[in-house]
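The structure appears below as structure tokens.
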Amino acid sequence: MSKLEKLIDELCPNGVEIVPLWTVTIWDKRFNSVEKSKQTRIINYTYLLASDLFALEQEYGDVFLLSTGEKTGWTTEEKAGNFLREGEIVSIPWGKSRPVKDVIKYFKGRFVTSDNRIATSNNPNRLINKFLYYWMMSEGELIDTFYRGSGIKHPNMSAVLDMQIPLPPLLVQQEIVRILDNFTELTAELTAELTAELTARKKQYEYYRSSLMLFGDDVPMSPLGELATNLDAKRKPVTKGDREAGKYPYYGASGIVDFVSDYIFDGDYLLISEDGANLTARVTPIAFSASGKIWVNNHAHVLQFDTYVERKFVEYYLNMIDLSRHISTAAQPKLTQNSLNKILVPNPIFEEKERIVAVLDRFEILTNDMISGLPAEIEARRKQYEYYRDKMLTFKEAKK
């Protein structure tokens, strides 16, 4: 039996008190939709607009910027000025576009806030603020239903304050907080380790790709227009209103945009982003393979090669070099067909291309497996965490 189970068996074997949230919390303002008797006390926290909040940001500050979104930061006491507040609080945003679980925050210390609804326990000997935070996190989906409106949604605070919160004994709350703090830390560490491993794998891949693509003067450089057949003339732009949903991939500058009911091309192709903004920002992939029955709009060039090896060799090379130096200087910069055709590509013998493509294909598979596996591992750990959190925060109500 775990320590938590022992505490529950000893201190609340018959259940716990369950009360309305408004009876155990103090909020940052009086809400029009809430009866005055449910808010006998408030703690005012003057808030800033998000743009003004982050204008205060300082690299070495020690005052927390309590934003309404996922981004946070720090400032200094001097910068915070009259907006400086201090306390141990739990916040949900007044206006949100993301699930509550992504933006709810707990903080203890000095802070400046944007437009959050801020709660704190009215009696820490009865309700621990960190327990309140974890409980509200576990009730995130319910709280989401209290938000109304299109676009940026706002909460019905009357419904929030009427939520029923369990109040196990203080020692039980403390043990739950300890367990969940540890679980949160372990999950964050795992995510950081997996992300670091992925970054290292990507850098290793880029190193080998660059090494394999370095050639001496004995290897000729050929214009891309001589290595591939350009099929841009067959492209057809499709506006959103003209699209009829279907099963065929519809490609644009950075990949699949939609699925439509018709197709233009049927085969194996290399698509290359035409948009200057993509090329300048190095949005990846710049060059990507597309096979089968597809539709391509006029934001991606379409090239066809005689063999898979030649197509993949060019794909790997173009994704390694800086194509932004080839874009036009027009009002809407882009990589024109003429400029694309003139790009010089190493042209070693076929057997050498085949060897390089085989190596990079294997490395790409390993990297892509990790890229797809990382979110799955993190999601599995998140679900595991949420399962145990919700289980620990579920209590039967004591009979009165």
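Quick grid of which residues meet (1) modelled with pLDDT of 95 or more; (2) under 21 Å from K96 (Cβ atoms); (3) aliphatic (A, V, I, L, M):
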{"residue": "R148", "(1), (2), (3)": "no, yes, no"}
{"residue": "H154", "(1), (2), (3)": "no, yes, no"}
{"residue": "A159", "(1), (2), (3)": "yes, yes, yes"}
{"residue": "M163", "(1), (2), (3)": "yes, yes, yes"}
{"residue": "I176", "(1), (2), (3)": "no, no, yes"}
{"residue": "D181", "(1), (2), (3)": "no, no, no"}
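List the pairs whose first member sits in the stretch 365-378 and is assigned by TED's automatic domain parsing to the domain that holds L198 and among the acidic types (D, E), whose second member is modelled with pLDDT of 70 or more and surrounded by 11 or more Cβ atoms within 10 Å (Cβ to Cβ), and whose Cβ atoms are under 7 Å apart, counting only residues at least 6 apart or on separate chains? Short answer, once both residue conditions are applied: E377/L194.
Within the stretch 1-38, being in contact with a Lys or Arg (Cβ under 9 Å, 6 or more places away or on another chain), in a loop (DSSP other than H, G, I, E, B) and among the β-branched types (V, I, T) holds for one residue alone: V24.
Suppose we keep only residues that are of a type in the set (A, V, I, L, M, F, W, C) and out of contact with any Phe, Trp or Tyr (no Cβ under 8 Å at 6 or more places or on another chain) within the stretch 148-178. Which one would you say is surrounded by the fewest Cβ atoms within 10 Å (Cβ to Cβ)?
I152
Does S67 count as modelled with pLDDT of 95 or more, assigned by TED's automatic domain parsing to the domain that holds L53 and surrounded by 15 or more Cβ atoms within 10 Å (Cβ to Cβ)? Steps first, answer last, please.
On the way: modelled with pLDDT of 95 or more: no; assigned by TED's automatic domain parsing to the domain that holds L53: yes; surrounded by 15 or more Cβ atoms within 10 Å (Cβ to Cβ): yes.
The answer is no for S67.
For the stretch 293-304, indicate whether the set of residues that are assigned to a helix (DSSP H, G or I) and without any contact (Cβ under 8 Å) to a residue 60 or more places away in the chain is non-empty. No, that holds for no residue. When the stretch 305-321 is examined, which residues are found to be assigned to a loop (DSSP other than H, G, I, E, B) and under 30 Å from the mean Cα position of the chain (by Cα)? If the condition is that a residue be assigned to a loop (DSSP other than H, G, I, E, B) and under 30 Å from the mean Cα position of the chain (by Cα), then N319, M320, I321 are the ones that fit. If you filter the stretch 293-333 down to residues that are of a type in the set (F, W, Y) and either within 29 Å of K247 (Cβ to Cβ) or in contact with a helix residue (DSSP H, G or I) (Cβ under 6 Å, 6 or more places away or on another chain) (or both), you find that the one that is surrounded by the most Cβ atoms within 10 Å (Cβ to Cβ) is F313.
What number of residues within the stretch 17-54 are surrounded by 11 or more Cβ atoms within 10 Å (Cβ to Cβ), among the hydroxyl-bearing types (S, T, Y) and under 21 Å from I89 (Cα atoms)? The qualifying residues number 5. Taking the stretch 11-23 as the range and being out of contact with any helix residue (DSSP H, G or I) (no Cβ under 9 Å at 6 or more places or on another chain) and of a type outside the set (G, A, S) as the test, the residues that pass are P13, N14, E17, I18, V19. Does F54 fit the bill of being of a type in the set (F, W, Y), in contact with a strand residue (DSSP E or B) (Cβ under 9 Å, 6 or more places away or on another chain) and closer than 26 Å to I128 by Cβ? No. Of the residues making up the stretch 142-178, just one is in contact (Cβ under 8 Å) with a residue 40 or more places away in the chain, within 30 Å of D9 (Cβ to Cβ) and among the charged types (D, E, K, R), namely E175. Checking the stated criteria, L360 turns out not to satisfy the condition of being under 22 Å from V302 (Cβ atoms) and in contact (Cβ under 8 Å) with a residue 60 or more places away in the chain. Each residue in the stretch 1-16 was checked for being closer than 13 Å to E397 by Cβ and buried (at least 16 other Cβ atoms within 10 Å of the Cβ), and 2 pass. Elements of the type strands (runs of 3 or more DSSP E) sitting completely within the stretch 201-292 and holding at least 1 residues that are among the aromatic types (F, W, Y), at pLDDT 85 or above and surrounded by 12 or more Cβ atoms within 10 Å (Cβ to Cβ): these cover 245-252, 255-260, 265-273. Mind listing just one residue for me: the one in the stretch 43-64 that is farther than 10 Å from K79 by Cα and among the β-branched types (V, I, T) and, of those, modelled with the lowest pLDDT? In this case the residue turns out to be T46. Would you confirm whether or not the stretch 78-86 contains a residue that is on the phi > 0 side of the Ramachandran plot, outside the structural domain of K391 (by TED's automatic domain parsing) and not acidic (D, E)? Yes, that holds for at least one residue.
The values are calculated or read from the model by the stated rules, or taken from the named source; none is laboratory data. Please read all numbers here as calculations on a predicted model, not as lab measurements. Here Cβ is always computed from backbone atoms with ideal geometry, including for glycine, and neighbour counts include all displayed protein chains.
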